[in-house]
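Structure record follows, encoded as structure tokens.
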Amino acid sequence: MPDFRVFHPPLASPATELRLSAEESHHLVTVNRARAGDPVMAFDGTGTEWTCTVADANRREAVLRVDSTRAHARPVGAITLAQSLPKGGVMDDIVRHATELGTAAIEPIISTRTQVHLDGNRSDKKTDKWRTTALEAAKQCGTPFLPEIGPVRTLTDFLAATPTNPGALRLIASLHPGARPLKTVLADWRASHDGASPSAAVWLVGPEGDFTPEEIATLTAAGYQPVTLGPLVLRCDTAATCALSILRHELAG
């Protein structure tokens, strides 16, 4: 596999060459010091990969010759992470880990105990930053897919905008009494669906301090099931990574 990996937006038709953006060109030519004739792997974030050769190592608009094209099928069991915003730069780590674990979508949520408050301009900048973080993680780990990162919105708006999908398992990582182990929840699902695993899953992770009892009641009324991740109190970034890892393993099987 080529050492260099770059992003190119999706194309409507097959291509024999790719012209990179100024940012991607700078990173490839100036930072990574790629030269004409070097092999490069390009990807579009939706599953297409192009095996290429650098035709013109222009740091403002590098040109790649496409040698072959490959389309990857999306992994089974698409997972959405709905994450209440944590303090500081922790969300960057969550986005990075979620991308590496093949998460299909990331929804940043404002809940009652969220301590981060963003106005419209700051919210847009944060979303752009998380998309950049996801792109960097995808380049590093080699996935051909980028997660869709939604706008920052309240838990109420997220629930109103989330379509009902009877094939999706809806879960809450919860410290509240009554939360059940994931294995139990999955076993019940499969028992009621002729042994089939969920076709998709949405996993909600709360902020520092977890969701309030009132939010848990609202979520359970919307079909979400509280799930325990064990007896220890985990940081929200640890909880997100743990939850996604376990669920990816279970749905892949």
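For the stretch 176-183, what does the Karplus curve 6.51 cos²θ - 1.76 cosθ + 1.60, with θ = phi - 60°, yield as ³J(HN,Hα) per residue in whole Hz, taken in order and with x for Gly and Pro?
Along the stretch 176-183, the couplings run 6, x, x, 5, 10, x, 4, 4 Hz.
Sort 178-184, 132-138, 73-79 for me by packing, meaning the mean count of neighbouring Cβ atoms within 10 Å per residue, highest on top. Walk me through the numbers before you get to the answer.
On the way: 178-184: 13.9, 132-138: 18.9, 73-79: 15.9.
So the order, starting with the most tightly packed, is 132-138, 73-79, 178-184.
Roughly what % antiparallel, to the nearest 5, for the DSSP beta bridges in the chain? Can you show the working numbers first?
Numbers: 17 of 47 bridges.
Of those bridges, close to 35 percent are antiparallel.
Roughly how many whole Å is it from the C-alpha centroid of the stretch 96-154 to that of the stretch 30-70?
Using only Cα atoms, the two centres lie 26 Å from each other.
List, in order, the whole-Hz ³J(HN,Hα) value for each residue of the stretch 11-17 obtained from phi through the Karplus relation with A = 6.51, B = -1.76, C = 1.60 and θ = phi - 60°; use x for Gly and Pro.
10, 7, 8, x, 10, 9, 8
Taking amide hydrogens as modeled 1.01 Å from N in the peptide plane, which residues meet the under 5 Å criterion relative to THR48, leaving out close sequence neighbours?
Excluding prolines and chain starts, which carry no amide H, the hits are HIS72.
From the square roots a ≥ b ≥ c of the eigenvalues of the alpha-carbon gyration tensor of the stretch 204-253, which class results: rounded (a/c under 1.5), prolate (a/b over b/c), or oblate?
oblate
Which whole-number percent gives the relative contact order of the chain, counting Cα pairs below 8 Å spaced six or more residues apart?
20 percent
For a quick check: with amide H placed at 1.01 Å from N, whose amide H comes under 5 Å from ILE172's, ignoring anything fewer than 5 positions away on the same chain?
Sorted by chain and number, the residues that satisfy this are LEU204, GLN225, VAL227.
Where a ≥ b ≥ c are the square roots of the eigenvalues of the C-alpha gyration tensor, would you call the chain rounded, which needs a/c under 1.5, or, failing that, prolate if a/b is larger than b/c, or oblate?
Details: a/c = 2.58, a/b = 1.79, b/c = 1.45.
Because a/c hits 1.5 or more and a/b exceeds b/c, the chain counts as prolate.
Using the 2.2 N^0.38 Å rule of thumb for compact globular proteins, work out how the stretch 1-144 stacks up: its C-alpha Rg over that value, please.
It is 1.18.
Does the stretch 4-71 classify as rounded, prolate or oblate by the C-alpha gyration tensor (a ≥ b ≥ c root eigenvalues; a/c under 1.5 gives rounded; else a/b over b/c gives prolate, otherwise oblate)?
Prolate shape, in that a/c is at least 1.5 and a/b is the bigger ratio.
Find the relative contact order for the stretch 4-71 and round it to a whole percent, using C-alpha pairs within less than 8 Å whose residues are 6+ positions apart.
37 percent
Taken together, the values in this text are just the output of simple stated rules run on the coordinates, not laboratory data. Bear in mind the structure is a predicted one, so any value in this text is a computation, not a measurement. Reconstructed Cβ throughout: ideal geometry from the backbone, glycine too, with neighbour counts over all protein chains shown.
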